[in-house]
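Here is the structure we will look at.
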Amino acid sequence: MNAPRIPRIPPSQQSRAGTSPPSPSRALRVLAGVAVVFGLMTIVSGGRALFGGAEARAAVGAAVGFVLWFNFVAGFAYVAAGIGLWRRQRWAAWLALAIAAGTAIVAAAFAWHVAGGGAYEMRTVGALALRLSFWVLAGWVGWRALARG
């Protein structure tokens, strides 16, 4: 009696250890974890800046009020989106995209403020760029992994 024949997988279709891209679920989990930590850090730092004493307010320098408030409130959405992405909930992909859109709107308003000669901290430019980039990425990965099917 002959043993059953096992089909060979061509080398071009085999994944090699360490060379294949992370699976969507792995990338989604990493982004979800980062989103929760990012959100908690945002809530703490924003809360300190908004509700702390004179020393805390002095530490933020020429912070732009509407950016500070948006980031503080958005921190709660970051945590919610991170938990939702971790649990593979479709709504979380939409929330991540909404956070990206909201951040883009705030960044545009911030640019308008700066162009009009308003005071600002240079670190705000970097922080907005980082937040926008992260949430565009999280929204894109979430959409690919969850929202389409």
Residues of the range 116-130 that turn out to be within 13 Å of the chain's Cα centre (by Cα) and open to solvent by less than 30 Å² (accessible area, probe 1.4 Å), as a count: 1
First in the range 117-140 and in a helix (DSSP H, G or I), second anywhere and open to solvent by 50 Å² or more (accessible area, probe 1.4 Å) and among the β-branched types (Val, Ile, Thr), Cβ under 8 Å, 6 or more apart: PHE134/VAL34
Go through (1) closer than 24 Å to SER25 by Cα; (2) open to solvent by 80 Å² or more (accessible area, probe 1.4 Å); (3) assigned to a helix (DSSP H, G or I); (4) not hydrophobic (A, V, I, L, M, F, W, C) for TYR78 and report which single condition fails. (2)
Whichever residue in the range 54-69 is over 15 Å from ALA111 (Cα atoms) and in a helix (DSSP H, G or I) and, among such residues, is least open to solvent (accessible area, probe 1.4 Å): ALA56
Filter the range 105-149 down to the residues that are aromatic (Phe, Trp, Tyr) and closer than 18 Å to GLY61 by Cβ and list them by number. PHE110, TYR120
Would you call TRP69 touching a helix residue (DSSP H, G or I) at 6+ places or on another chain (Cβ under 9 Å), closer than 22 Å to VAL30 by Cα and aromatic (Phe, Trp, Tyr)? no
Output the number of residues of the range 81-91 satisfying the condition of being aliphatic (A, V, I, L, M) and open to solvent by 10 Å² or more (accessible area, probe 1.4 Å). 1
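The values are calculated or read from the model by the stated rules, or taken from the named source; none is laboratory data. All of these numbers come straight from a predicted model, not from anything done at the bench. Don't worry about glycine lacking a Cβ; one is built from the backbone with ideal geometry, like all the others, and counts go over all protein chains shown. Accessible surface is based on the protein model in full, side chains and every heavy atom, while ligands, DNA and RNA are left aside. Shrake-Rupley method; radii C 1.70, N 1.55, O 1.52, S 1.80 Å.
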